[in-house]
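Presented below is the structure to which this report refers.
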Amino acid sequence: MLDVHQLTVRLHTPRGLATAVRNVSFQIARGETLGQVGESGCGKSITAMALMGLLPERAQVSGHIRLDGQDILALPERALCQLRGNRIGMIFQEPMTALNPVHRVGRQVAEPLRLHRGMSADAALAESIRLLDRVGIDNAARRVDAYPHQFSGGQRQRITIAMALACGPDLLIADEPTTALDVTVQKQILELIRELVAERGMALLLISHDLGVIAQNAQRVMVMYGGNVVESGAARDVFAQPTHPYTRGLFAARPSLHTARGGRLPTIAGTVPDLIDLPPGCPFAGRCAATVPDCHTNVPPQVATQPGHIVACSRLDHIGEFLPTGIRA
Amino acid sequence: MSTPLLEVINLSRSYALPRAKPWGPRDQVLALSNVNLRIESGRSLGIVGESGSGKSTLARLVMALDTPTTGSVRFMGDDLATLSPQALRAARRNFQMVFQDPYASLDPRQSVARIVAEPLDAQGGTSHQAQRQQAAEALESVGLRASDLDKFPHEFSGGQRQRIAIARALITRPRLIVADEPVSALDVSVQAQVLNLMQDLQTEFGVTFLLISHDLAVVHHLCDDVAVLWQGQVVEQGPPQQLFQTPQHPYTQTLLAAVPQALPT
């Protein structure tokens, strides 16, 4: 359904061109959830923005993004406007900033319907009541006239989900949809998204820094670092056997309720590379204990450790020697 | 029994809501009700709870930034609400705070030297030269360099900024640091570095933490005791192993069940 091939995005910054996303390829089928994990600045959100056609104006993009065979990158702005909110829906991290505080929520949910479906105001309002009811807003018929500040954080996120779903999109992008919410509310929202994806057969790109959220909701995972995909595969495989040194470091660095207390957390040495002068080779070179000079200069090969489980690392045979601990089985 | 470092006795705080009608009475919302806590020196306490549970109200009361409606906060035996302003200011030397967002808690127009030395400045009695010297030491104890003194906050990453905020809290050599969600704005790998630092401070400087967090794993990692706050009340309290293995209160059970696990079972 969605096919992203060799996507590279370069952004203009005051200090020069920054490579925010480098040679990223992935596919998502209908009804499938792909989880994208990584830390700040790894290119997660830029990938989402590229899918929405919302990159900054002077961004240099290469590669293909095909939605049912149609290349999004080649489309003019007018055609993109017809995709956004219609065939591609997006849920943002912070529901209060995603909603307009001075408009009633009913009107905001109805807006894509009026715009893309040409519905009359009455029909769109009736539809938005139905949508709000579906996402679990109690007493939706009365609450459509309320303003965003009259709802709690979890309810606001339900409203943005209703907005994203209004036109029945084929692809839903959820960029850190529960980061601003409490864990019990997070659980409800993730359950709602999961139900809706199954019910409507949408493809979901779930972006999160939280490994737990990804593990419980995605069938496939891609781990990003410094604009590159360093590891990808079935969620079960990647979580059972994290292989790339970065993925391992990330897993080990999390405190857990099941580990012994008082021990030190293994940290990843060094800091995230500057995207402006990213080395030509592996982005993780230098922070990785198994680094050899070649890592800095050669693009790491994509190695399949199991069917579908791809790791971008040239030192796979030697990783075991350097990283004996830190993995929780 | 010896005097505990911090003792919170029957603490309640209510806030007045806006009037529903122009001449009607103002309703009260009870943000904290009858909270009792005790922190012995060297045994860090974690407070877990969700938004609106009263975590931050508790932090404000413990820091004497707000006054209790009823009950009291006793720090090393003194009731903070009854201290004179001068005595309170002097007492603040022993308890400091680290805030959640290191992008908001450091003044972008002040140099790191000034930010870190500010608690000393507020205490008075330290020369400019000595302040700078101590700021340099505080920076080194959190893994930054003395040469960072003349930089400004924008030159640092999120994790480094949180280190600066911790250095500022450390400079008066406090007995207690109240940390309100100190790592929730940070990435996982940076979070691990800051948690390790906090652990070192416990062993090296004997700092005791009152750690407020929604992240159960963080509390489990750092604290010797945990209190679960729900709707302004402490519903369960105990050592983390016990509380997280065999939670008694239904709310604690709900909270634990909601935490997503990275390992599919």
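Read-outs throughout are calculated quantities, based only on the coordinates presented, and are distinct from any laboratory measurement. None of these values were measured; they are calculated from a predicted model. Note that each Cβ is placed from the backbone with ideal geometry, even for glycine, and that neighbours are counted across all protein chains shown.
If you take each beta carbon of peptide A:171-184 and count the beta carbons of other chains within 10 angstrom, what is the mean?
Numbers: counts 0, 0, 0, 0, 0, 0, 0, 1, 1, 1, 3, 8, 12, 7.
Mean number of neighbouring Cβ atoms from other chains: 2.
Per residue of B:239-247, how many C-beta atoms from partner chains lie within 10 Å of its own C-beta, taken as a mean?
Numbers: counts 1, 2, 3, 0, 0, 2, 2, 0, 0.
What the average comes to for B:239-247 is 1.
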Two-site label geometry, B:Gln242 and B:Thr67: point separation in nm, points 7 Å out along Cα→Cβ: 3.8 nm
Number of partner chain Cβ atoms within 10 Å, mean per residue of A:247-256: 5
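Based on the Cβ-Cβ distance of A:Glu57 and A:Gln82, what FRET efficiency does E = 1/(1 + (r/R0)^6) give at R0 = 22 Å, to the nearest 0.05? Don't skip to the end; give the middle numbers.
Details: r = 20 Å, r/R0 = 0.89.
After rounding, the FRET efficiency stands at 0.65.
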5 angstrom amide H check on A:Thr267, placed H, neighbours 5+ away: none
Peptides ranked, highest mean first, by Cβ atoms within 10 Å: ranges A:15-23, B:164-172: B:164-172, A:15-23
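Between A:Thr271 and A:Leu75, what length comes free when the chain is fully extended (0.36 nm per residue of separation minus the Cα-Cα distance, one decimal in nm)?
Details: separation 196, 0.36 × 196 = 70.56 nm, distance 3.76 nm.
The A:Thr271-A:Leu75 span can extend by a further 66.8 nm.
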Inter-label distance, nm, simple model (7 Å from Cα along the C-beta direction), A:Ala123/A:Asp68: 2.0 nm
Spatially proximal lysines relative to B:Lys55 (Cα-Cα < 24 Å; intrachain offsets below 8 disregarded): A:Lys187
Calculated FRET value between A:Asp317 and A:Thr297, using beta carbons and R₀ = 25 Å, to 0.05: 0.85
Phi-based couplings in Hz for region B:240-255 (Karplus 6.51, -1.76, 1.60; Gly and Pro marked x): x, 4, 5, 5, 8, 7, 10, x, 9, 6, x, 5, 4, 5, 4, 4
Derived scalar couplings ³J(HN,Hα) [region B:2-9; Karplus, 6.51 cos²θ - 1.76 cosθ + 1.60; whole Hz; x for Gly, Pro]: 5, 5, x, 4, 9, 9, 10, 10
Backbone HN-Hα couplings from phi across region A:303-313 [Karplus 6.51/-1.76/1.60, Hz, Gly and Pro as x]: 9, 8, 7, 9, x, x, 9, 10, 10, 8, 7
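Enumerate the helices in chain A for which the Kyte-Doolittle hydropathy averages 0.0 or more and the C-alpha atoms extend at least 24 Å along the helix's axis, using complete DSSP H runs. Spell out each step's value before the answer.
On the way: long enough: A:183-200 (25 Å, 0.21).
Passing helices, by number: A:183-200.
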For region B:219-261 and region B:148-172, distance of Cα centres in Å: 32 Å
Angle in degrees between helix B:128-141 and the longest Cα principal axis of chain B, rounded to the nearest 10: 60 degrees
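Can you give the FRET efficiency to the nearest 0.05 for A:Gln6 and B:Ser184, using r as the Cβ-Cβ distance and R₀ = 25 Å?
Details: r = 36 Å, r/R0 = 1.43.
Result of the calculation: an efficiency of 0.10.
Exposure proxy check: B:Ser51, A:Ser62 ranked by fewest other beta carbons within 10 Å?
Least to most surrounded, the residues fall as A:Ser62, B:Ser51.
Return a whole-number percent for the relative contact order of chain A, with Cα pairs under 8 Å and 6 or more residues apart as the contact set.
Values: 609 pairs, mean separation 65.8, N = 329.
With pairs under 8 Å counted, the relative contact order is 20 percent.
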Ranked packing of A:24-30, A:293-299, most packed first, by mean Cβ within 10 Å: A:24-30, A:293-299
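Would you list A:Arg220, A:Arg130, A:Arg10 from fewest to most Cβ contacts within 10 Å? Display every interim value, and only then the final one.
Values: A:Arg220 23, A:Arg130 13, A:Arg10 19.
Going from least to most buried by this count: A:Arg130, A:Arg10, A:Arg220.
Let me know the shape class of region A:1-101, please: from the alpha-carbon gyration tensor, a ≥ b ≥ c as square roots of the eigenvalues, rounded when a/c is under 1.5, otherwise prolate if a/b is greater than b/c, or oblate.
Working: a/c = 1.26, a/b = 1.09, b/c = 1.16.
Note, shape of region A:1-101 comes out rounded.
Given a cut-off of 31 Å, what percent of all Cα-Cα pairs of chain B lie beyond it? Write down the numbers at each step before the final one.
Working: 10130 of 34980 pairs.
Of the Cα pairs, 29 percent sit more than 31 Å apart.
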Distance (nanometres) between label positions extended 7 Å along Cα→Cβ at A:Gln219 and A:Glu191: 2.3 nm
Taking A:Lys44, B:Lys151, A:Lys187 and counting other C-beta atoms within 10 Å, the order from fewest to most: B:Lys151, A:Lys187, A:Lys44
